[in-house]
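Visitor: Shown below is the structure under consideration.
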Amino acid sequence: MDADSDGGDEVVRLTAWVRGRVQGVGFRWWVRARALELGLAGSATNLSDGRVEVVAEGPRERCRRLLDLLTADDSGSDTLTARPGKVTGVAERWSGARGEAAGFVER
């Protein structure tokens with residue numbers, strides 16, 4: 001099967017709002033490291049209500065992988081790559097890429 005026959009290579013924008021204990025625990029740094037490993041551009045931003053907003057642009061399949069990492073049960077993970085904090089929920093929105101970001105930043 002062709003790699004882009006399922007839209008996996010389509011460049012998209014994922015916006016995810018992550019709730020739980022995700023501020024002050026190194027969560028944004030962890031998101032940035034995973035996004036850069038996946039070759040995604042965007043940002044991870046603390047919101048005033050305690051959530052973190054993650055915006056990532058790149059191939060759909062890589063954005064899906066980042067979303068999987070945000071939502072996965074992380075119990076028993078390697079301590080070097082384990083997701084910090086505790087995620088209790090993630091809301092997501094998919095849209096067309098805007099091409100606004102270069103690299104991945106913490107805000």
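The values are calculated or read from the model by the stated rules, or taken from the named source; none is laboratory data. Values in this document were obtained by computation on a predicted structure and should not be read as measured data. Glycine gets a Cβ as well: all are built from the backbone with ideal geometry, and neighbour counts include every protein chain shown. Heavy atoms of the whole protein, side chains included, go into the accessibility calculation; ligands, DNA and RNA do not. Shrake-Rupley method; radii C 1.70, N 1.55, O 1.52, S 1.80 Å.
Visitor: In the stretch 4-55, which residue that is β-branched (Val, Ile, Thr) and surrounded by fewer than 20 Cβ atoms within 10 Å (Cβ to Cβ) is farthest from Gly85 (Cα to Cα)?
Guide: By that ranking, first place goes to Val11.
Visitor: Enumerate the pairs (first residue in the stretch 23-35 and farther than 15 Å from Leu47 by Cα; second residue anywhere and assigned to a loop (DSSP other than H, G, I, E, B) and open to solvent by less than 70 Å² (accessible area, probe 1.4 Å)) with beta-carbon separation below 7 Å, excluding pairs fewer than 6 apart on the same chain, so at least 6 apart or on different chains.
Guide: From residues that are farther than 15 Å from Leu47 by Cα, the pairs are Trp30/Arg83; Trp30/Pro84.
Visitor: Another question about this same structure. How do the pairs read when you match residues in the stretch 87-101 that are within 12 Å of Ala56 (Cβ to Cβ) and at pLDDT 95 or above with residues anywhere that are assigned to a strand (DSSP E or B) and of a type in the set (Lys, Arg), using Cβ under 9 Å and keeping only pairs 6 or more apart or on different chains?
Guide: Hits for this filter: Arg93/Arg13; Trp94/Arg13; Ser95/Arg13.
Visitor: If you don't mind, another one. How many of the residues making up the stretch 60-76 are at pLDDT below 95 and loosely packed, with under 12 Cβ neighbours inside 10 Å?
Guide: Qualifying residue count, the stretch 60-76: 4.
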